[in-house]
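Structure first, commentary second.
The values are calculated or read from the model by the stated rules, or taken from the named source; none is laboratory data. As the structure is a computational prediction, the values presented were derived from the model and not from experiment. When we count neighbours, we look across all protein chains shown, and the Cβ atoms used for this are built from the backbone with ideal geometry, even at glycine. Heads up: the accessible areas ignore ligands, DNA and RNA and are worked out on the full protein's heavy atoms, side chains in. Shrake-Rupley method; radii C 1.70, N 1.55, O 1.52, S 1.80 Å.
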Amino acid sequence: MQYKILISGGGTGGHIFPALSIANALKRRLNVDILFVGADNRMEMERIPAAGYPIKGLPVAGFNRKNLLKNISVLFKLRKSLRMARKIVDDFQPDIAIGVGGYCSGPTLKAAQRRGVPTLLQEQNSYAGVTNKLLAKKAEKICVAYEGMERFFPADKIILTGNPIRKDLLDHAMTPEQARKSFGLNPDRITVLVIGGSLGALTMNESLEQGLKRLNETGIQVIWQTGKNFVERARKAAKGMKGVVVTPFISDMAAAYAAASVVASRAGAGSISELEVLGKPCVLVPSPNVAEDHQTKNARALSDRGAAVLVADADAREKLVDTLLQLSSDPKRLEEMKKAIAEMALPSADEIIADEIVAILNRK
């Protein structure tokens, strides 16, 4: 028997990677026809077809909290998206619809629920998004990555699964020394990895730009992923320094993580799940430009347990490099953080979520 699976969500890599991981896990164990629904002009419209899956786009957009007048066009797009989502559901006739968050999962899963299609939600953050909160009442199951999510969702529907992470991060066998060599670095030195996402994080980049010389003079090596907009400034800051790798994008994240003694990162759910599963001590600088400040809540879930150090975006220019210097000179603290963050890991999240989906399909 072939099952028809509808998966909706996107907007960022944090939504797309889990969606693809779930699709791949289902494909490994079932005969499935999978259709994705994403938001027009967002990265999923390229990433999903590149991974071998069909996708349909909706013109949906997020609400503008700063300029309410701009939401008139958002409401028109939402209405059109609801109409299109109903047609997609009617044409595809899915056996189950899965929502991974993002603007487009709202219209798609709402249309599925109205047609009596069972739905499963995956909430990546420690603070639930508006879309998932609205869909939760009629969902069969809600897969979460953090404890204490009963404050957002019905307790009897919650399954603690963790967030799926990219398989290639687990499938490598590089030692830290080999990984550092692959970046042209000294294999035996403390190495800091700084990642701000594909576009870079301006605050983190400027913090490093100001403090790079101090890190370098202390003998700390740096792998600095700048994003495309900051790379020239970063190269200028690093000019003449040995032990500093500046790159707009890291293609081999498995090697970068393996090379790192400590990681400085934004606090998106996907990044945190990777750091947990890989057991990496980290400094988290939450982005202030996200809905409901959920990255701060994600970071606090770790820092409260000694698994990470939280540096607020507003304080980063003053504190980020100092924090990295302090941690790098304290091997005992790094070891304690490594142990604490590894204890929070929920590996094999994709398989656990697939188990729940299969159970729903069997009941159907």
How many nm separate the modelled label positions at Q210 and D171, each set 7 Å beyond the Cα in the direction of the Cβ?
4.2 nm
When each of K297/K338; K137/K338; K87/K157 is checked by Cα-Cα distance, pairs over 26 Å
K137/K338; K87/K157
Ignoring ligands, DNA and RNA, what percent of the accessible area of the range 190-324 is carbon or sulfur (1.4 Å)?
48 percent
What does the net charge come to around R180 if you take all other residues with beta carbon closer than 12 Å to its beta carbon, with K and R at +1 and D and E at -1?
0
Contact order relative to length for the range 1-139, counting C-alpha pairs under 8 Å separated by 6 or more residues, stands in percent at 27 percent
Span-like helices, the chain: DSSP H, alpha-carbon axial extent 20 Å or more, mean Kyte-Doolittle -1.0 or greater, which ones?
13-29, 71-92, 202-217, 349-363
If you count, for each residue, the other Cβ atoms within 10 Å and average over each peptide, how do 109-120, 267-278 line up from highest to lowest?
267-278, 109-120
Calculate, axis by axis, the spread of Cα positions in the chain along the three principal axes, and write the results as whole Å, longest axis first.
63, 46, 37
Skip the ligands, DNA and RNA, and give the accessible area per residue of the range 169-208 with a 1.4 Å probe, whole Å².
48 Å²
Using unit Cβ charges (K, R positive; D, E negative) and no other charged atoms, how large, in debye to the nearest 20, is the dipole of the range 225-304 about its Cα centre?
520 debye
Determine the gain in length on full extension of the stretch F249-E351; use 0.36 nm per residue of separation and subtract their C-alpha separation, reporting nm with one decimal.
33.8 nm
Carbon and sulfur: what percent of the range 1-54's accessible surface (1.4 Å probe)?
49 percent
Furthest towards positive pole of dipole, H172, L193, G227, structure part the range 125-280, Cβ charges
G227
About its Cα centre, what dipole magnitude does the chain give when the only charges are +1 on Lys and Arg Cβ and -1 on Asp and Glu Cβ, stated in debye to the nearest 20?
1200 debye
